């Protein structure tokens, strides 16, 4: 409006400022973040218009020549193409990208963007998706989810304690009840994008952000180093291994009732615990595994003062979906342990693993297991079941089929009673 009233729109410098500003605003609109930038850039453009008017009256402006027009069009293409998604591959999917946006994030976000339904937008504010559509992730990777995955991340601006805390809670019920702004994880999150660096290189910093004490995560246990030697060692103990992020990344969500693995990246990463021998100071670290390096390749310990206490080789990004889960219920002898097992395979990597969850029958002999996986093929999942679900009791096993509709509806499935159950 300022430019129209004053004639600044006739200056080439003003249009260059407009295009750059529009490109930046468009970029952040795409990432569902920093909405205040539109107002900020409106003020900056008014200043650019004022500056364009200084020194030369608009009436004396020379006509646009071919060179000027070419310069403006070049700026328009270079700056506006990214928000318009025309050159996304050029800007963000280059082979020389850094450690943060590595191949694993490219692979996982490509799957998320192309294989999952786009969130529905609210007509009043197109940046706010309706319903349970959020992707919970480490704040450091939030804008990767927003931009490459084109899905709304629950954290992406800066380290906020309440948005990081769910990753480091121990109980699944506490994770789902954790607040995320005006909602909870249960109400706002559909997917979780997990990166080993959350419990690796970033772990100490995240604990500081959430106000946790690192000493709470330490323990003493029998460890085996890369040479096969065992000894008692101060280590990251049970509290570390009980965190939600660790259970997702290292244990594939075993024992969880409402989160199931739907994709893992072929790009792999090592998660290790490094200890400085001279000070016994420990820190979890990660390393991207080069393409072609086999899992059975020996782990080469670092030289010098550092010793590796354990190493896990994991997918560099894992995507989990939050679902209501099918409720397997039955009767067994009081106090009996009941275990559900389901063999699974991640098609992206060919890796086979077993989902396993155990519960115990109460005093009346009743039990219930909430299982997030179906035994049939699921359309929006790269992970498939390889057989029936098996429910083991004290004396026998029950083999059952679980439909995806039962998982999504939280349906109760009654099982035949185990011997001794009433």
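Tell me which of these residue 340 doesn't satisfy, since it passes every other one: (1) more than 28 Å from residue 107 (Cβ to Cβ); (2) surrounded by fewer than 20 Cβ atoms within 10 Å (Cβ to Cβ).
Failed condition: (2).
Taking the condition of being surrounded by 15 or more Cβ atoms within 10 Å (Cβ to Cβ) and more than 20 Å from residue 343 (Cβ to Cβ), how many residues in region 388-407 meet it?
1
Here are 175, 135: which of them is assigned by TED's automatic domain parsing to the domain that holds residue 315, touching a residue at least 24 places away in the same chain (Cβ under 8 Å), under 15 Å from the mean Cα position of the chain (by Cα) and not in a helix (DSSP H, G or I)?
135
Among the numbered criteria (1) on the phi < 0 side of the Ramachandran plot; (2) at pLDDT 80 or above, which one does residue 125 miss?
(2)
Across region 389-419, what is the total count of residues that are without any contact (Cβ under 8 Å) to a residue 24 or more places away in the chain and part of a loop (DSSP other than H, G, I, E, B)?
The qualifying residues number 1.
Exactly one of these conditions fails for residue 341: (1) closer than 28 Å to residue 268 by Cβ; (2) in contact with a strand residue (DSSP E or B) (Cβ under 8 Å, 6 or more places away or on another chain); (3) not in a strand (DSSP E or B). Give me its number.
Answer for residue 341: the failing condition is (3).
Do you know which residues across region 372-387 are in a loop (DSSP other than H, G, I, E, B) and buried (at least 16 other Cβ atoms within 10 Å of the Cβ)?
If the condition is that a residue be in a loop (DSSP other than H, G, I, E, B) and buried (at least 16 other Cβ atoms within 10 Å of the Cβ), then 372, 373, 374, 375, 378, 381, 382 are the ones that fit.
Among what's in region 176-206 and is over 21 Å from residue 144 (Cα atoms) and surrounded by 17 or more Cβ atoms within 10 Å (Cβ to Cβ), pick the residue that is modelled with the highest pLDDT.
176
The values are calculated or read from the model by the stated rules, or taken from the named source; none is laboratory data. Please read all numbers here as calculations on a predicted model, not as lab measurements. We place every Cβ from the backbone using ideal geometry, glycine too, and count neighbours over all the protein chains shown.
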